[in-house]
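Below: the structure, in structure tokens.
The values are calculated or read from the model by the stated rules, or taken from the named source; none is laboratory data. Fair warning: this is a prediction, and the values are worked out from it, not measured in the lab. With ideal geometry, Cβ positions are generated from the backbone for all residues, glycine too; neighbour counts draw on all protein chains shown.
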Amino acid sequence: MNTLQQAVNIWYSSSNTTNIIIVLWMLLVVIFLFFLLPYAIVEIKKRNKIKEEFFKKAKEYGLSDLEAELLWRYSSDYRWNIALVFNNKKVFEIVASKILNNDTSFADIINQIRHKLGFDHVPWFLPISTTKDIELYQSGKILFNERQYDAVVWDKDEKYIYLALYNINESPIKIGDVITFSFITQDYVQTSFSSKVVGISEDSGRILYKVEHSDKVVRVPIRDAVRIELSLKAHIYIPTAEELEVYEKEQILPEPEEDKFIEGVIKDLSIGGTRFCTSVSLSDLQKVFVKFRIYDKDLIIFGTIRNKFDAVDHFCYGIKFENITKEQEEDIRSYIIEQQRLLVKSYKLGEL
């Protein structure tokens with residue numbers, strides 16, 4: 001009020017031009033002191049609080065002050081949620097790319113940070129978002145000039161991924177060519193990326209292509225149904241000819257004695273079928289009933305053995321579900337989504 005009173009007094013005691021200038025200056029001073037300065041102080045305190053929490057979180061992951069400072073400097077777009085940089089691999093890779101695009105000498109430090117945050121390995125249930133996520137020795141195909149070549153991921157660093165070509169004497173690819181590497185992930189997704197070859201060398205008879213990393217990874221599911229790996233106790237029952245005939249005609253489930261069931265474990269599950277492992281050898285195209293329990297409910301689903309995989313001490317069978325009901329589909333779909341969430345949660349908590 002004193003400032004405004006002084007402005008009024010000056011207005012009536014000076015020329016109009018002087019009055020206007022002085023009053024404007026006083027108003028600017030008032031705006032600065034009562035609005036801009038308090039706002040700036042609040043923002044500085046907020047920024048310091050966020051930085052304090054950021055460095056506290058970095059310390060929990062074992063990051064050094066230098067590593068934490070480096071992440072802080074380049075993660076301005078994500079400071080509204082500091083957990084993103086430490087818990088979200090895709091966000092971390094974006095920040096890491098910014099750092100390396102500005103200064104490649106930080107490559108070793110980025111590699112150390114990635115290891116401390118647990119981002120040097122991507123679990124099968126998380127999607128590959130960059131070529132840095134691809135595991136070493138992942139086999140696949142190099143596609144070039146409408147031809148396919150057997151290849152494997154031989155090595156990688158922060159800037160490049162190295163693809164090895166087998167069983168070929170002379171390289172069909174030159175430096176500067178753009179190639180595509182394609183492979184199938186554990187969750188049955190056709191994954192590929194295209195990038196430029198920047199170097200070619202040989203290693204123990206293999207041709208190595210030095211290829212630039214890429215964030216443009218194409219993912220195409222090759223199975224209609226979402227599938228999850230797990231270990232779930234289950235049983236199968238082989239129906240008699242009479243039971244099979246009754247089921248196919250009237251959809252009546254058999255009611256066998258408990259000792260007629262074959263015990264085993266479901267190793268993956270989808271609404272389309274399952275992989276069932278047991279010590280008992282069975283025949284291809286065998287009709288079976290699969291029994292397992294989810295949500296405190298027994299599901300019994302009719303199916304056909306389509307694939308057989310022999311192991312050292314057991315057998316695994318790919319069983320295609322047939323005549324699955326809508327209710328069973330919904331139960332399995334809900335169960336898969338729930339298990340995926342639990343897997344992701346365990347991964348974020350460092351339990352995997």
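Just one of the numbered conditions (1) farther than 28 Å from VAL189 by Cβ; (2) of a type in the set (Lys, Arg); (3) at pLDDT below 85 is not true of ARG73: (3). Look at (1) loosely packed, with under 15 Cβ neighbours inside 10 Å; (2) assigned to a strand (DSSP E or B) and you find that ILE200 fails only one, number (1).
On the given criteria, is GLU255 farther than 30 Å from GLU60 by Cβ and in a helix (DSSP H, G or I)? Taking the combined requirement at face value, the residue does not satisfy it.
Checked against the criteria, LYS196 does not count as basic (Lys, Arg), farther than 30 Å from ASP103 by Cα and not assigned by TED's automatic domain parsing to the domain that holds LEU343.
Results for (1) part of a loop (DSSP other than H, G, I, E, B); (2) exposed (fewer than 15 other Cβ atoms within 10 Å of the Cβ); (3) modelled with pLDDT under 85, shown as yes or no for each residue.
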| site | (1), (2), (3) |
| --- | --- |
| HIS121 | yes, yes, yes |
| PHE125 | yes, no, yes |
| TYR149 | no, no, no |
| TRP154 | no, no, no |
| PRO172 | yes, yes, no |
| GLN186 | yes, yes, yes |
| ASP215 | yes, yes, no |
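If the condition is being touching a Ser or Thr at 6+ places or on another chain (Cβ under 7 Å) and closer than 30 Å to GLN339 by Cβ, then segment 131-170 contributes THR131, GLY140.
Every test in (1) under 30 Å from SER283 (Cα atoms); (2) in contact with a His (Cβ under 9 Å, 6 or more places away or on another chain) is passed by LEU230 save one, and that test is (2). Evaluated against (1) farther than 30 Å from LYS116 by Cα; (2) of a type outside the set (Ser, Thr, Tyr); (3) surrounded by 12 or more Cβ atoms within 10 Å (Cβ to Cβ); (4) touching a Phe, Trp or Tyr at 6+ places or on another chain (Cβ under 8 Å), PHE292 falls short on exactly one condition, (4). Within segment 58-71, being part of a helix (DSSP H, G or I) and within 21 Å of SER97 (Cα to Cα) holds for ALA58, ASP65, LEU66, GLU67, ALA68, GLU69, LEU70, LEU71.
For segment 237-252, the count of residues that are under 24 Å from the mean Cα position of the chain (by Cα) and part of a strand (DSSP E or B) is zero. Applying the condition of being at pLDDT below 80 and of a type in the set (Val, Ile, Thr) to segment 309-352 and asking which residue is nearest to the chain's Cα centre (by Cα) yields VAL344.
Right, SER279: closer than 25 Å to LEU343 by Cβ and among the polar types (S, T, N, Q) or not? Criteria not met by SER279.
Annotation: LYS320 fulfils all but one of (1) crowded, with 17+ Cβ neighbours inside 10 Å; (2) not in a helix (DSSP H, G or I); the unmet one is (1). Looking at ILE271, ILE262, just one residue is in the same structural domain as GLY303 (by TED's automatic domain parsing) and surrounded by 17 or more Cβ atoms within 10 Å (Cβ to Cβ), and that residue is ILE271. Before we move on, is ILE110 under 22 Å from the mean Cα position of the chain (by Cα) and modelled with pLDDT of 85 or more? The answer is yes for ILE110.
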